[in-house]
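Heads up, the thing below is written out as structure tokens.
Taken together, the values in this text are just the output of simple stated rules run on the coordinates, not laboratory data. Quick caveat, the model's predicted, so the values are computed rather than measured. Methodologically, a virtual Cβ is constructed for each residue, glycine included, from the backbone with ideal geometry; neighbour enumeration extends over all protein chains shown.
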């Protein structure tokens, strides 16, 4: 069943297709194509065109094939879309497949020196004299490979009509105004543009046109930078991390923005510490030590990292110490596909560690939400005195997304129940570290350095009573777990509520999370086009709020859309609402790519048929 | 009050330290370790030293990993916050805590399994970072809590009831510490009260990480006279590298002219004076420390003393060049940049 028949353009169609097609650029990893691709996406964004860019890169420094998919969507759909209308072929290793992938009616730009086995007659070819142009421009051998990629930028600019001024600005932005680099690259782009203008008949149908109404008041940024900024604006003072794709750019962004944003004006010194740990065990250990001492502390990692952190996370859960852990998910199990996206850590994060553990987990769906949840996570971690996970993924974390502007946090930072020396004195001997004074399961803590001699207590992962004294008494153990359970119930009312869009007469409910959001939104439009009305709930946190469970009850059928194999969110939903279990159907895909709307819509329709 | 009662009060009249506190106020819960455990002696040494130096317990943190040794922080300095963490990972907890609040003084307690086996990585990285802390290894060469397995410091050829004969050479905690970049490395014997206390005092005044490898006999699982971590062995084989004297900064420094002594000024202004008794040894010479330790492996001596000290190296907090205010005490204004800064940044994206 195909719900997107409109995509099949006749090979000889001359109808122009404006701002509504996919470009796929195939290059060699490490050849500097990221610069040229970023220039492309940024120029299109600045022209006001709804667009997304997905970097499909190998786990490799140099040499393996890498691709960049750009989708232009005049209708404002920002999810990934399958299919290629325009191929840019720069890589001899993948050129045959890359050319084969193009849809009938599409076009192929290629380096004319590539070995082309066979020509298709349902696409148009545009050879680019890359080598000749580099020679003409007299580019030194050292820079030749990097500048070569600018040739296709110039060609695309000519064929599609990309604004050269925007390209120039994008280069300025990308190179941070380094004039020499900007000139070198822009010169190559204009050379390619002019050559194409003189020598190529532009009889292909794809065009870009500036738009208004969509990108105004929007920004172009990756989720990891947004997370780092959100942390810096929400009081992070300690960050410890160990390099792992796709999370490294969280800490690296904090290092790059930190000096500008968080330097103490009086002393000129940083109001935060960032430590690259020797491994993820040390990274989370330092975060827990800092959180115990009273700092807003976080780490960023990916699946293998949370596996290593499991024991420490259990300690923080049981000793009740705040910690924020960003898991930028990638494909597992094991090393898996380190540079491919997935949402496969939902269950692992929710239940991480041995014994009876459950954690608060947040699911941002956009850079703006990464920014916001960076603060929410700290408020929850300190408010609940527990580890809090934020589950992003490679697609959201590392790709540029068009996002709402970040909202300046207006709410005070919620630092939780911390007693100072005077408050401890007032309580006399009545304070106990794990006493549930308020009935919400959340005890009061003191910080090391509190000057009251009554403030000290002994944190431990071993059994303890309400006064933090070692205990193996069965009653103490049970009382503690029961209180922590109450705390988890309290969390239900503190976590971000789901975003719900209910449609009259809809009988089908869709539940999804995180970076799937744009694809799900688009899939709902496709389904609507087929006469299927859907309501949609986007889960933003675990534990589920009451509204989530109410939503489940309301619909005859619930499709849970996830980018993993097992349907992990669905499993947690079934656990939370066992009586509703027969309603759920999992719509899952786990192939390393972000979900595409068409696939979601077709999968749901197949279930309904 | 009758005379007898008065007399009783008078005899009870306790000695107090500079803070007006009795020594008992530096204790905490009763030890649950075996009677005669070397770790209990070390706990007593810590109490004595903290009391003598008049330390403010509320500004000290006690950290440990897992094992018999790691239980001991519950037995001393009840007025300090304590953290019994996970096996072999105490150094990372300490690192986070002292960076978060630079005014805290950290005392970490670990064992030979906790440091030499499961925790060797974190131990060496803490040394490399020069984390400002006292790092005590209560070294008995055996796993106690799990009842008698070999650790990484167990003697070569050592026999244990269930574990059999140890066919692997031991790690030397002090050697590992120096190699990793630790800036204060010493060894002592739990039964040598005077030396342990002197080294503890010096360690507490040290600028960066101070590693104290204290041989601490396990009376239950590893106290055969043949073990280098037994009381018998320790008493018979302990060779002091030098006599050590520690002069706290609040005492007037008066050192008699003494042939062959080395004075090292600590970061806080106090002094440590090493009086050479056996050989010409300079604890600021790293190569000499390597040589000394390497040579000691071959003979039947339990070499104790301060092997290496370098007061010139910045500690981790200094390396990070942080704002003076503890990160845990920053104001909201310091923690949250202005609205204008965000608008400006957003406009550039």
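What is the average number of partner chain Cβ atoms found within 10 Å of a Cβ in A:258-264?
Numbers: counts 0, 0, 4, 6, 7, 3, 7.
For this peptide, the per-residue mean of nearby foreign Cβ atoms is 4.
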Based on the mean of other Cβ atoms within 10 Å per residue, sort peptides A:327-338, B:204-215 so the most packed one is first. B:204-215, A:327-338
Could you tell me how many degrees, from 0 to 90 and to the nearest 10, lie between the Cα long axis of helix A:303-319 and the main elongation axis, the longest principal axis, of the Cα atoms of chain A? 20 degrees
Point-to-point label distance, residue B:312-residue A:473, nm (Cα→Cβ direction, 7 Å offset): 5.8 nm
Using just the C-alpha positions of the range B:3-347 as equal point scatterers, what log10 of I(q)/I(0) does the Debye formula give at each q in 0.07, 0.10, 0.15 1/Å? -0.31, -0.61, -1.27
Please work out the FRET efficiency for the pair residue B:265 and residue B:32, using the Cβ-Cβ distance as r and a Förster radius of 25 Å; give the result to the nearest 0.05. 0.05
Other chains' Cβ within 10 Å of B:335-347 residues: what's the mean? 6
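Add -39500 (n - 2.57) for each DSSP H run of 4 or more in chain A, then divide by its residues: what number comes out at 222 nm, to the nearest 500 deg cm²/dmol? Intermediate values should be presented prior to the final figure.
Details: 19 runs with 227 residues, N = 609.
It lands at -11500 deg cm²/dmol.
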Decide, for the range A:121-178, between rounded, prolate and oblate: order the square roots of the alpha carbon gyration tensor eigenvalues as a ≥ b ≥ c, take rounded if a/c falls under 1.5, and otherwise choose prolate if a/b is larger than b/c, else oblate. oblate
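Starting with the highest mean, order A:398-408, A:316-326 by the number of other Cβ atoms within 10 Å, averaged over the residues of each peptide. Please report the intermediate quantities before stating the final value.
Working: A:398-408: 20.3, A:316-326: 27.4.
The most tightly packed comes first, giving A:316-326, A:398-408.
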Regarding chain A, what are the three Cα extents along the principal axes, ordered largest first, in Å? 88, 63, 41
Does the range A:221-404 classify as rounded, prolate or oblate by the C-alpha gyration tensor (a ≥ b ≥ c root eigenvalues; a/c under 1.5 gives rounded; else a/b over b/c gives prolate, otherwise oblate)? oblate
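Among DSSP beta bridges whose residues both lie in the protein assembly as shown, state the antiparallel percentage, nearest 5. Display every interim value, and only then the final one.
Working: 51 of 138 bridges.
Given both bridge residues lie in the protein assembly as shown, the antiparallel proportion sits at roughly 35 percent.
So, R0 is 25 Å and r is the distance between the beta-carbons of residue A:169 and residue A:194; what FRET efficiency does that work out to, to 0.05? Numbers along the way, then the final one.
On the way: r = 20 Å, r/R0 = 0.78.
Taking R0 as 25 Å, the efficiency between residue A:169 and residue A:194 is 0.80.
With the cut-off at 1.5 for a/c, could you classify the range A:5-207 from its C-alpha gyration tensor as rounded, prolate or oblate? Intermediate results must be reported in sequence, preceding the final value.
Details: a/c = 1.41, a/b = 1.24, b/c = 1.13.
Here the range A:5-207 falls in the rounded category.
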If I take R0 = 60 Å and measure r between the Cβ atoms of residue B:301 and residue A:96 in this structure, what FRET efficiency does the formula 1/(1 + (r/R0)^6) give, to the nearest 0.05? 0.25
Compare the peptides A:522-535, B:300-313, A:241-254 by average per-residue count of other Cβ atoms within 10 angstrom and give them in order, highest first. A:241-254, B:300-313, A:522-535
Could you give the angle, 0 to 90 degrees to the nearest 10, between helix A:164-174's Cα long axis and the longest principal axis of the Cα atoms of chain A? 40 degrees
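Averaged across the residues of A:292-300, what count of C-beta atoms belonging to other chains lies within 10 Å of each residue's C-beta?
The mean count of partner-chain Cβ atoms within 10 Å per residue comes to 6.
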Spacing of the two label points (7 Å from each Cα toward its C-beta) at residue A:408 and residue A:136, in nm: 5.1 nm
Roughly what would the spin-label model give for residue A:267 and residue A:415, points 7 Å off Cα along C-beta, in nm? 1.7 nm
Rounded to the nearest 10 degrees, what's the angle between the helix A:223-232 long axis and the longest principal axis of chain A, both from Cα atoms, 0 to 90? 40 degrees
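With both bridge residues required to lie in the range A:221-404, what share of the DSSP beta bridges run antiparallel, to the nearest 5%? Could the numbers behind the result be given before it?
Working: 5 of 25 bridges.
Beta bridges within the range A:221-404, antiparallel portion: roughly 20 percent.
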Full extension from residue A:565 to residue A:550: what is 0.36 nm times the residue separation minus their Cα-Cα distance, to one decimal in nm? 2.8 nm
